[in-house]
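Here the structure comes first, spelled out in structure tokens, and everything after it is commentary.
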Amino acid sequence: MQTRPQLRPGPLSPRRKVPRTIARPSYALLGEPGPTSPPRARTAEELANMRIASDIASEALAAAAAAIAPGVVTDALDEAAHETMIARGAYPSTLNYRGYPKSTCISINEVICHGIPDLRTELCDGDIVTIDVTAYYGGVHGDLNQTFAVGEVDQHAKDLMEATRRALEAGIAAVRPGGQTRDVGKAIEKVVRKRFGIVHQFGGHGIGPDFHDGLHIQHNYDRRGTERFFPGQTLTIEPMLTLGSPDARVWEADGWTAVTIDGSRCAQEEQTLLVTEDGAEVLTTHVPH
Ligand code: MF3
Ligand code: CO
Ligand code: CO
């Protein structure tokens, strides 16, 4: 196995185009999402469109994942996801969200989240890579991500990815109306059993007409998470687990790329959920690893 070149910001492809006929979120033009809305149940129409947005994001994630191979640049994955979203009439939610320049986040190894796909960074045999896709359709967003192996990865990476999947499952199983947001982190800590770091500087979020609304989900246990779930809410759970330190810092060079402070690898899994009368329903669908 060759050694991977150090990760660093690379040149970006020209700004991707979205057909004029595709409806855009309010921030698409100037980059600012505006005030966040208070929590409320989704209407039947919002929910119907969230199912479609989530399905489109899932299909785009699968398209990007299908392009994974050693030697492929991260921009190629972004392009595959972008083309899938616009072909289905969706706007890639990350494009110009708070100025973010691309249609996906692609995060390799020690990158926790918000890696910016570029024209120079190649996937290498032995890497793990998280692809995060959000689609905007019918006035609402659907958001998911998953970590994949590039070629053959070591046992530490396999264990990390497996634990991350289980963390997401445990988090989802902990959601019920009347329950508290801190139940999620509690359930995740229980399955992680201190074997891995749990990133605490980024969390899950309410999602719907806003990409990120006022609801925050911590993935580690925090007793302050006393807000209660109610039926009709929609949110993401997206645990990030590390092989070393759970602490993150953001690259100064681009203001986005979040890495572990000790360079240890990180895996993530995210789905968009609906709080039902007796638990949670997953609106996004994962692709096989
Ligand atoms: N999709 C990410 C999430 O799970 C957010 C990406 S925002 C961006 O919440 F601006 F970095 F793209
Ligand atoms: Co999210
Ligand atoms: Co996401």
Single condition E162 does not satisfy, out of (1) away from ligand 2 (no atom under 14 Å from the Cβ); (2) in contact with a helix residue (DSSP H, G or I) (Cβ under 7 Å, 6 or more places away or on another chain); (3) acidic (D, E): (2)
Selection count where residues are β-branched (V, I, T), surrounded by 15 or more Cβ atoms within 10 Å (Cβ to Cβ) and under 28 Å from R228 (Cα atoms), scope region 38-58: 1
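Within region 167-200, take every residue that is open to solvent by 60 Å² or more (accessible area, probe 1.4 Å) and either assigned to a helix (DSSP H, G or I) or within 13 Å of ligand 1 (Cβ to nearest atom) (or both) and give me the one that is farthest from A248 (Cα to Cα). Before you say what the answer is, go through the steps one by one.
So in region 167-200, the residues open to solvent by 60 Å² or more (accessible area, probe 1.4 Å) come out as 169, 173, 176, 182, 186, 189-190, 193-195, 200.
Filter once more, so that each one left must be either assigned to a helix (DSSP H, G or I) or within 13 Å of ligand 1 (Cβ to nearest atom) (or both): 169, 173, 182, 186, 189-190.
On the way: E169: 23, A173: 27, R182: 21, K186: 21, E189: 18, K190: 22 Å.
Step by step, filter region 167-200, then rank; the result is A173.
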Filtered residues of region 147-164 (kept if within 16 Å of ligand 3 (Cβ to nearest atom) and in a helix (DSSP H, G or I)): T164
Test: residue in region 41-54 that is farther than 24 Å from T285 by Cα and part of a loop (DSSP other than H, G, I, E, B): no
Of all residues making up region 114-125, the number that are within 17 Å of D143 (Cα to Cα) and open to solvent by less than 10 Å² (accessible area, probe 1.4 Å): 1
Positions within region 62-75 being open to solvent by 10 Å² or more (accessible area, probe 1.4 Å) and of a type in the set (A, V, I, L, M), in sequence order: A62, A63, A65, A66, A67, I68, A69, V72, V73
Sole residue being within 17 Å of the chain's Cα centre (by Cα) and part of a loop (DSSP other than H, G, I, E, B), chosen from S107, S58, S103: S103
Some residue of region 133-141 being in contact (Cβ under 8 Å) with a residue 12 or more places away in the chain, open to solvent by 10 Å² or more (accessible area, probe 1.4 Å) and within 11 Å of ligand 1 (Cβ to nearest atom): no
Filter pass, G89 being away from ligand 3 (no atom under 15 Å from the Cβ), in contact with an Asp or Glu (Cβ under 8 Å, 6 or more places away or on another chain) and open to solvent by 10 Å² or more (accessible area, probe 1.4 Å): no
Selection within region 74-125 - in contact with a Lys or Arg (Cβ under 7 Å, 6 or more places away or on another chain) and farther than 17 Å from R15 by Cβ: N109, E110, C124
Number of positions in region 110-146 that are away from ligand 3 (no atom under 13 Å from the Cβ), part of a strand (DSSP E or B) and touching a Pro at 6+ places or on another chain (Cβ under 6 Å): 1
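Every residue, every condition in (1) open to solvent by less than 30 Å² (accessible area, probe 1.4 Å); (2) touching a strand residue (DSSP E or B) at 6+ places or on another chain (Cβ under 9 Å), yes or no:
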position: R8; (1), (2): no, no
position: L12; (1), (2): no, no
position: R16; (1), (2): no, yes
position: R20; (1), (2): no, no
position: T36; (1), (2): no, yes
position: A60; (1), (2): yes, yes
position: L77; (1), (2): yes, yes
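So that you can scan it fast, the table gives a plain yes or no per residue for (1) farther than 30 Å from D154 by Cβ; (2) in contact (Cβ under 8 Å) with a residue 60 or more places away in the chain; (3) open to solvent by 20 Å² or more (accessible area, probe 1.4 Å); (4) out of contact with any helix residue (DSSP H, G or I) (no Cβ under 6 Å at 6 or more places or on another chain):
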{"position": "R228", "(1), (2), (3), (4)": "yes, no, yes, yes"}
{"position": "G232", "(1), (2), (3), (4)": "yes, yes, no, yes"}
{"position": "I237", "(1), (2), (3), (4)": "no, yes, no, no"}
{"position": "M240", "(1), (2), (3), (4)": "no, yes, no, yes"}
{"position": "A253", "(1), (2), (3), (4)": "no, yes, yes, yes"}
{"position": "V259", "(1), (2), (3), (4)": "no, yes, no, yes"}
{"position": "C266", "(1), (2), (3), (4)": "no, yes, no, yes"}
{"position": "T272", "(1), (2), (3), (4)": "yes, yes, no, no"}
{"position": "E277", "(1), (2), (3), (4)": "yes, yes, yes, yes"}
Number of the condition not met by V150 [criteria: (1) within 16 Å of ligand 1 (Cβ to nearest atom); (2) farther than 17 Å from E281 by Cα]: (1)
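Please list, ordered by residue number, the strands (runs of 3 or more DSSP E) wholly in region 222-289 having 3 or more residues that are under 21 Å from E162 (Cβ atoms). Spell out how you get there, then give the answer.
On the way: elements: 234-237, 240-242, 248-250, 258-260, 266-275, 280-282.
Output list reads 240-242, 266-275.
The values are calculated or read from the model by the stated rules, or taken from the named source; none is laboratory data. Keep in mind that this is a model prediction, so the values were computed, not measured. Reconstructed Cβ throughout: ideal geometry from the backbone, glycine too, with neighbour counts over all protein chains shown. Remember, those area values only see protein heavy atoms, side chains included, never the ligands or the DNA or RNA. Shrake-Rupley method; radii C 1.70, N 1.55, O 1.52, S 1.80 Å.
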